[in-house]
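The values are calculated or read from the model by the stated rules, or taken from the named source; none is laboratory data. Nothing here was measured: the structure is a model prediction, and the numbers come from that model. All Cβ positions, even for glycine, are placed from backbone atoms using ideal geometry, and neighbour counts span all protein chains on display. Just so you know, the surface numbers come from the protein's heavy atoms only, side chains and all, with ligands and any DNA or RNA stripped out. Shrake-Rupley method; radii C 1.70, N 1.55, O 1.52, S 1.80 Å.
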Amino acid sequence: MPAFVATCDNRSITNCGSRRGIALIVVVIVIALITTSALTFALLMQQSNQTARRYADQQQSQWAMDSAIAQLESFAAMPPQQRDAKTSSQSSAGFVRSIEIQPVSEESGDLASLGSADGDWISSETGEDSAPEVGWENLLDDQDVTFDPTQPGFVIFDWTTGAAGQPSGTSPAVSMFVPSVSGNSDVAVRFGWTNESHKLHLGRLLQWEASGTSVSDLLQVLYGLSPEQAERLLDWLDADDQPRAFGGEAGSYSQRGLRYRPANHVPQTLDALLLVPGFSPRLLYGQRQTITIRIDAAATESNVGDLADFSRSQQTQIDRDLQSLPDSAGAAMDRGLLLELGLTSRLTVSAKERHQNPAGQLKLPINHPDLQQLFAALSARVDPNLAAYLCLARQLGLHDDTTSPPGAGLRELAVDEVELDFSQPPTNSLTSLVQLIDSHVRVPQTDGSFAVVRSPLRASELQDEFANRVSEVFAELTHAQQPVTDSRLHWHPADPELWRWIPGLTPETQTLFLEPDLSNSEGTGERPTTSLAFQVATWYREGRIDASQWQIIERELTDGGDVFSAYVGAHAGDYRAFRWGHVIVDASEKRPQQVYYRELLPPPSTLQAVMATLNETALANP
């Protein structure tokens, strides 16, 4: 049979070639689609992987931040004696620098914990710490490290140490640090925290004004405010509706088209001061800190009103301020703006004081209404003779040996010779513990005469023991009406010039606090080695101050304070997902808690390069 061969005649040659071309095009299109789909899938997977990594880094960074806040809370929970020991010792750097977040131990099964480059900080049930000796010779802890004031944020010195002694930086880590001002007015950063009592509480301004201090001049001289800014701030704080010469009350706010009026009380946070006309973020927070403004706390003020208009109108100015930061230091730069730190480094509304002894027990209120209970409690804490003398003073009143000396010929009795009668109610309250010093009580006798009972706290009799005895008494007793009050100013304030503004202090007393061994040493990391009561008692025995000056010191100054703040830098390792914020922890109540957090914008892009150079220098010069 003849073979049949498929052929294309002349008429079908064109159609046959077309079918082959279409098939080739279809194949090419299919291959292109498959390739595109594969590439798209690969890119999506890569993006998803990067997104997942970024999310993981952000979560680790947030957990590191939370861990740092918990670390600060654990410090604040310590009794004052242990806090002071950690603050004054050189182990504080290991407590707050490069705290590395340790992963779960597979061998032990322990939960993740906080460690540091210098070892773990461990707290037992008794609260005693076993912080190890810090390596690196406490580099940067006791030294001021000046940084470029034109950068829109603090330069953070942070590293973790590997097994070979080299910075690893691969694990999530955090550091706590605060700004400080050295003697030559250079602004620096140090690892650690700040006791908010070192700053001037806004509530003190009105109290000092009522005592005759020109607080408007104070704000202008010490904090660089204009007369308008100073008096608008004071009108925002005071309770009346009478505007000052350069200030403003509700009427002037309405004229400006603002839908809120002055709070007329101390705000809960300093952020609320952004509502005062003339107060910019740069003035409040300083040029160094570019920030994310949040006015949520201010919105809780009952008489502020709707802040929506304020937020919208101010955001443009805020953005303009942040974008106008100079790229380099120049003559036109405002160098007097609180040394670029802002009002938040000098003023506070958060400072509180828990009246407690060094062991963390509440002090005994000397004006307790039940004298029998008061006597029993006092006898367990202080000299029983002093406890009895205090009860007599509450019943019969006190007389100062200098201003009201006992009459000649009056019989003197020892404290233990007087029988206390607790059925007699207290008729007197003490306004100061200083009243117990060099004073006497006049006890009526059956024959109508009086006998004198002298105070056990007498400088002429105790001599060298006087300061120690007074310090012990002041550590255990208080005349405060409440266990927690707004804090007095710490006797090592952030602004030493504040001494001359404290109402009632004489120039001679001011000079005593400015002596070199008592100067503010926050920038160097040094801390006072004696208590305020011990130091003042020494001056009193030496005749350098009198009882009236001592009472002013007791009313205005403290060596305590239980609210702490710090700037916290956290990252997920190798400075990925770097974040930082300003946190305040309040330990005035039984359990410390975070009461404020302000997120700061990311630091400059050159941060890692700057830190790498600094770390190399640090390792080369341990």
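Observations on the model:
- Within the shell of other residues whose beta carbon sits under 12 angstrom from the beta carbon of residue 426, the net charge comes to -1, with Lys and Arg scored +1 and Asp and Glu -1.
- Label zone at residue 411 (point 7 Å along Cα-to-Cβ), backbone N below 17 Å, region 454-489: 454
- For residue 477, residues with placed amide H under 5 Å, excluding near neighbours: 364
- Efficiency of FRET between residue 383 and residue 362 - r from beta-carbon atoms, R0 22 angstrom, step 0.05: 0.65
- In this simple spin-label model, placing a label point 7 Å from the Cα along the Cα-to-Cβ direction at both residue 463 and residue 404 gives a separation of 3.1 nm.
- Modelled this way, with points 7 Å down the Cα-to-C-beta line, the labels at residue 25 and residue 51 are 3.7 nm from one another.
- Region 35-77 and region 493-516 have Cα centres lying 51 Å from one another.
- Potential lengthening between residue 591 and residue 255 on full extension [0.36 nm per residue; Cα-Cα distance subtracted]: 116.4 nm
- In this rough spin-label picture, where each label sits 7 Å from Cα along the Cβ direction, the residue 530-residue 66 distance is 4.7 nm.
- Taking Cβ atoms as reference points and 11 Å as the exclusive limit, the residues near residue 358 contribute a net charge of -2, counting Lys and Arg as +1 and Asp and Glu as -1.
- Accessible-area order (highest first, 1.4 angstrom probe) of the listed residues 40, 403, 194, 485: 403, 40, 485, 194
- Each Lys or Arg adds one and each Asp or Glu takes one away; over the other residues whose Cβ falls under 13 Å from the Cβ of residue 208, this sums to 0.
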